[in-house]
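Report on one structure; see the data block that follows.
The values are calculated or read from the model by the stated rules, or taken from the named source; none is laboratory data. Note that the coordinates shown come from a computational prediction; the quantities given were computed from them, not determined experimentally. Ideal geometry is used to build each Cβ from the backbone, glycine not excepted, and the neighbour counts take in all protein chains shown.
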Amino acid sequence: MKVLLQYAPMVGVPLLGVALALRVGTHLTAPPSVGGAWRVVESRDPGPACPALTALGEIRDLRIAQSGPGIRVLLRGELGTALLTGSLEHWPDSAGERAGTPIQLRAASETLSLTGDVRRDSLPARVRVDLTEPACGTQPARQLIAHLGGPAGTGPRSTKQP
């Protein structure tokens, strides 16, 4: 009997703790996956020519590494690369937001800022990105549209605006 009285709290208390943790976390949603290699299919330069973007050249793809809501974005251009860090700002939850609600992301480096939205519900999955350079003002200097994955060797379609 003495053993049973010792055994019951040693097993029962941890089980109650696990049950409580599961109950408290039922409303939480994990951030959606946006990581992977994204192939740029369209690039526009509506703003001024900015030094940091000019140094990259034509951006061919972007790679997003993700850990929870944190992201790292690698922009790979024909002349160079840039690494930006940031996070997912908003994503649809499982409690009933529309499935078509975009996942919003934001990242920055010392010279570039990136804002964008990801639509995982489209086929292929699509990301729209606005790149700004604080030294050039607040207007987007380059806008990109990229698709997740895609065949190698296919480059972006560029549309330069005066």
Which strands (runs of 3 or more DSSP E) sit wholly inside the range 35-81 and have at least 2 residues that are without any contact (Cβ under 8 Å) to a residue 60 or more places away in the chain and not aliphatic (A, V, I, L, M)?
59-67, 70-77
Could you check the range 1-33 and list, in sequence order, the residues that are in contact (Cβ under 8 Å) with a residue 24 or more places away in the chain and assigned to a helix (DSSP H, G or I)?
His27
So Ala152 fits all but one of (1) under 19 Å from Trp38 (Cα atoms); (2) at pLDDT 90 or above; what number is the exception?
(2)
Suppose we filter the range 49-81 for residues that are loosely packed, with under 15 Cβ neighbours inside 10 Å and in contact with a Lys or Arg (Cβ under 7 Å, 6 or more places away or on another chain); how many remain?
3
Flag for Arg72 being at pLDDT 90 or above, within 18 Å of Gly36 (Cβ to Cβ) and in contact with a strand residue (DSSP E or B) (Cβ under 6 Å, 6 or more places away or on another chain)
yes
Quick check on Val127: is it under 14 Å from the mean Cα position of the chain (by Cα), assigned to a strand (DSSP E or B) and among the hydrophobic types (A, V, I, L, M, F, W, C)?
yes
With respect to the numbered conditions (1) under 11 Å from Val34 (Cβ atoms); (2) surrounded by fewer than 19 Cβ atoms within 10 Å (Cβ to Cβ); (3) at pLDDT 90 or above, which one is the sole condition not fulfilled by Arg119?
(3)
In the range 130-153, residues that are in a loop (DSSP other than H, G, I, E, B) and closer than 22 Å to Thr54 by Cβ total 6
